[in-house]
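See below for the structure under consideration.
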Amino acid sequence: MANSSATHRIPWHALGPWLALLGACIFFATQSDRFLTGENLSLILQQVMVVGVIAIGQTLIILTAGIDLSCGMVMALGGIVMSKFATELGLPVPVAILCGVAVTTLFGLVNGLLVTRIKLPPFIVTLGTLNIAFAITQLYSSSQTITDLPAGLTGLGTTFSIGSTAVAWGAVLMLVLYLLAWFVLRETAAGRHIYAVGNNAEATRLVGIPTQRVLLGVYVAAGVLYGIASLLSVARTGVGDPNAGQTENLDAITAVVLGGTSLFGGRGIVLGSLIGVLIVGVFRNGLTLMGVSSIYQVLVTGVLVILAVTADQLSRKGAR
Amino acid sequence: MLSSRSILAMAAASLIAVSTTAALAADQPVIGLVTKTETNPFFVKMKEGAQEEAKKLGAKLLSGAGKADGDNAGQITAMENMIAAGAKTILITPSDAKAIVPAIKKARDRGVMVIALDSPADPPDATDALFATNNYTAGVLIGEYAKAAMAGKPAKIVALDLLPGHPVGAQRHNGFMKGFGLPANDAKSNELSKAPEIVCMADSYGDQAKAQTAMENCLQRAPEVNLVYTINEPAAAGAYNALKRAGKEKGVLIVSVDGGCQGIKDTNAGIIAATSQQYPLKMAAMGVAAGVEFAKTGKKASGYVDTGVTLIAGKSVPGVESKDTKTGAELCWGKK
């Protein structure tokens, strides 16, 4: 695949997110001498790891021209299952984690089956499962936060040191998952099929690629990723939180769009989504260091989202 | 309407203003305030109080919040960023009393003083100190008022509560029942007490629209209601709307908690009979003062400090001490 750069040509607007992130970092570095410390940058990675992993799943789905509104709630349910199984049922931590991931994967499977077999629009399917996952989470947890978790469940929130900088294991896991997703999308047949389905599902089916299986696989893979995000969320907050995941669906979609992936499917780079979550995380961190209300972060995010979609739309027009 | 250009100009100007003041005063004590949201008037007022006190005492105030009520991860992120910015004191109104505890512990292990404002962490000793209204007392006051105002009439009560499992909601509800002379759980319980006099109980989430819907449904179930307990004044306004549409506003007494300026106006207009007023400005000012004290002397605040609560009534009733709405309006929070 030495020549793959020809088939995966980076469009000009893909540089936008990187420039936005770089610009934000330079600006905050001039405003606060605490911003560019290893400790602070590591902190930002740690803060975005949950949405970051959810955004990988969301990217896969958006590449197929779909969307997943249920991701945050499914993530919250996974976290509650893990923490309840480990504390109240007393299951060994790895088993509890697997059960949590199994539940989120099941939700991915259900989403995928409804989209592929009954041909329901992903927006509607995941709107439904969003509510179902929320209700099950609240019922199963009695709306109570689950505390006193065993150390194994929160292990990914602990840190190791590079020099004087403490780095969370969960942040490393997020980066590894991004590299993995990037590799799969770029270098494997499955990855190419995902792009093809997003570009033109009917043409893809006609050339003999099992479109439905690709789609189903994407939703299931996203479910697995949400399960990993559940574990990261539990590790980060140190509790099983039934109110987690309330805004993660929109946060993840925002990150994907900021990263330059097209909402119309077929175009985008998964590493862009990492840049997207980092842009939001950097603004939140930087504005706090400056002592400015985080409402400005919301303002900036809104402007950037519009710019990103505009760039996508203009480049599509140009391509015609 | 502001043009987008003027908004950008304002944003740029405020960014520059804040960054220059930050550069000027590097040795100022830095104090962080983490509220539940940045938009609820109660917390907006709390932030104003903190900012004023910080200016007076020469401290720098950082503020942050979750994205919505219940957003624990957002509060943790705000705390971490403030500690990264050099805050040695964090004032926090916990969105989830239990879920925030591990993050508070991490901060305290790094030598940061953490003070809960408005409502406690669970367990309460997870923070160095708590500056808050006694919500149970707030409930007792309006319960006693309602009992006297009903003058022996048998009560048919609708309770519009906060949300499941929230300690503030339980304390006000149980306090109200205690004040009314009904069997009630004690101040530490997170369970809502029930009694035959309560003909309908519903969660309002402290939101006017949700409270109106809840009250409409309760009126279907129990049209004979003559007393409504509400968790806060927006819920009271929602309940009043529902009663008015059903043509029942005259015969029903509404009592509430909060003491916001709109709530006091509603009390003056007779929509709310009485409300227990709390003081977010005072909580915030005391928190900032404690932070400055800690920065100067290293002495930490500790334990529970009651920031006071006053019964404000439209009409006073015999045997229950209350202040009039004029006094309430002087001390209210929100838009006057």
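A short reminder: the numbers here are calculations on the coordinates, not readings from a lab. Keep in mind that what you see is a predicted model, and the values were worked out from it rather than measured. Reconstructed Cβ throughout: ideal geometry from the backbone, glycine too, with neighbour counts over all protein chains shown.
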Within segment A:158-209, work out how many residues are of a type in the set (Gly, Ala, Ser), under 21 Å from residue A:55 (Cβ atoms) and surrounded by 17 or more Cβ atoms within 10 Å (Cβ to Cβ). 6
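Please determine, by comparing only the residues of segment A:232-277 that are of a type in the set (A, V, I, L, M, F, W, C) and within 14 Å of chain B (Cβ to nearest Cβ), which one is nearest to residue A:21 (Cα to Cα).
The first filter runs over segment A:232-277 and keeps only residues of a type in the set (A, V, I, L, M, F, W, C), leaving A:232, A:234-235, A:239, A:244, A:250, A:252-253, A:255-258, A:263-264, A:269-271, A:274-275, A:277.
Then drop every residue that is not within 14 Å of chain B (Cβ to nearest Cβ), which leaves A:232, A:234-235, A:239, A:244, A:250, A:252, A:277.
Working: A:232: 24, A:234: 28, A:235: 27, A:239: 31, A:244: 27, A:250: 20, A:252: 17, A:277: 10 Å.
It comes out as A:277.
Please list, ordered by residue number, the helices (runs of 4 or more DSSP H) wholly in segment B:211-321 having 3 or more residues that are over 21 Å from residue B:176 (Cβ atoms) and hydrophobic (A, V, I, L, M, F, W, C).
Where helices (runs of 4 or more DSSP H) fall fully within segment B:211-321 and carry at least 3 residues being over 21 Å from residue B:176 (Cβ atoms) and hydrophobic (A, V, I, L, M, F, W, C), they are B:280-297.
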Residue A:205 of a type outside the set (Phe, Trp, Tyr) and within 14 Å of chain B (Cβ to nearest Cβ): no
Pick out, from segment B:39-148, the strands (runs of 3 or more DSSP E) lying fully within it that include 1 or more residues that are within 14 Å of another protein chain (Cβ to nearest Cβ). B:60-65, B:89-92
Quick one: in segment A:281-299, of everything that is crowded, with 19+ Cβ neighbours inside 10 Å and more than 7 Å from chain B (Cβ to nearest Cβ), which residue is nearest to residue A:49 (Cα to Cα)? A:281
Pick from A:153, A:120, A:185: which is more than 14 Å from every other protein chain (Cβ to nearest Cβ), in a helix (DSSP H, G or I) and under 24 Å from the mean Cα position of the chain (by Cα)? A:185
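Residues in segment B:149-167 that are more than 14 Å from chain A (Cβ to nearest Cβ) and either surrounded by fewer than 23 Cβ atoms within 10 Å (Cβ to Cβ) or over 22 Å from residue B:191 (Cα atoms) (or both): how many?
Residues meeting the conditions: 8.
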In segment A:203-260, how many residues are out of contact with any His (no Cβ under 7 Å at 6 or more places or on another chain), under 16 Å from residue A:189 (Cα atoms) and outside any helix (DSSP H, G or I)? 3
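Does residue B:119 fit the bill of being among the hydroxyl-bearing types (Ser, Thr, Tyr) and more than 22 Å from residue B:289 (Cα to Cα)?
Details: among the hydroxyl-bearing types (Ser, Thr, Tyr): yes; more than 22 Å from residue B:289 (Cα to Cα): no.
The answer is no for residue B:119.
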What residue, of B:258, B:207, is under 18 Å from the mean Cα position of the chain (by Cα) and either buried (at least 22 other Cβ atoms within 10 Å of the Cβ) or more than 30 Å from residue B:49 (Cβ to Cβ) (or both)? B:258
When segment A:28-38 is checked residue by residue, the ones that are more than 7 Å from chain B (Cβ to nearest Cβ), in a helix (DSSP H, G or I) and either over 11 Å from residue A:286 (Cα atoms) or polar (S, T, N, Q) (or both) are A:30, A:38
Only one of A:95, A:53 is buried (at least 19 other Cβ atoms within 10 Å of the Cβ) and part of a helix (DSSP H, G or I). Can you tell me which? A:53
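Just the residues that are more than 9 Å from the chain's Cα centre (by Cα), away from chain B (no Cβ under 14 Å) and buried (at least 24 other Cβ atoms within 10 Å of the Cβ), please, taken from segment A:56-79.
Residues of segment A:56-79 more than 9 Å from the chain's Cα centre (by Cα): A:60-70, A:72-79.
When the remaining residues are screened for being away from chain B (no Cβ under 14 Å), the result is A:60-70, A:74, A:77-78.
Listed by number, the residues that qualify are A:60, A:61, A:62, A:63, A:64, A:66, A:68, A:70, A:74, A:77, A:78.
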Boolean, residue A:287 is of a type in the set (A, V, I, L, M, F, W, C), assigned to a helix (DSSP H, G or I) and within 23 Å of residue B:69 (Cα to Cα): yes
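Considering only segment B:306-336, state which residues are under 30 Å from residue B:111 (Cβ atoms) and crowded, with 17+ Cβ neighbours inside 10 Å. Outline the logic, then answer.
Just the residues of segment B:306-336 that are under 30 Å from residue B:111 (Cβ atoms), to begin with: B:306-307.
Selection gives B:307 alone.
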For residues that are of a type in the set (Ser, Thr, Tyr) and crowded, with 24+ Cβ neighbours inside 10 Å, scanning just segment B:112-135, find the one that is nearest to residue B:286 (Cα to Cα). B:133
Could you count how many residues in segment A:107-117 are surrounded by fewer than 17 Cβ atoms within 10 Å (Cβ to Cβ) and within 18 Å of the chain's Cα centre (by Cα)? 1
Please work out if residue B:86 is on the phi > 0 side of the Ramachandran plot and either surrounded by fewer than 21 Cβ atoms within 10 Å (Cβ to Cβ) or among the hydroxyl-bearing types (Ser, Thr, Tyr) (or both). yes
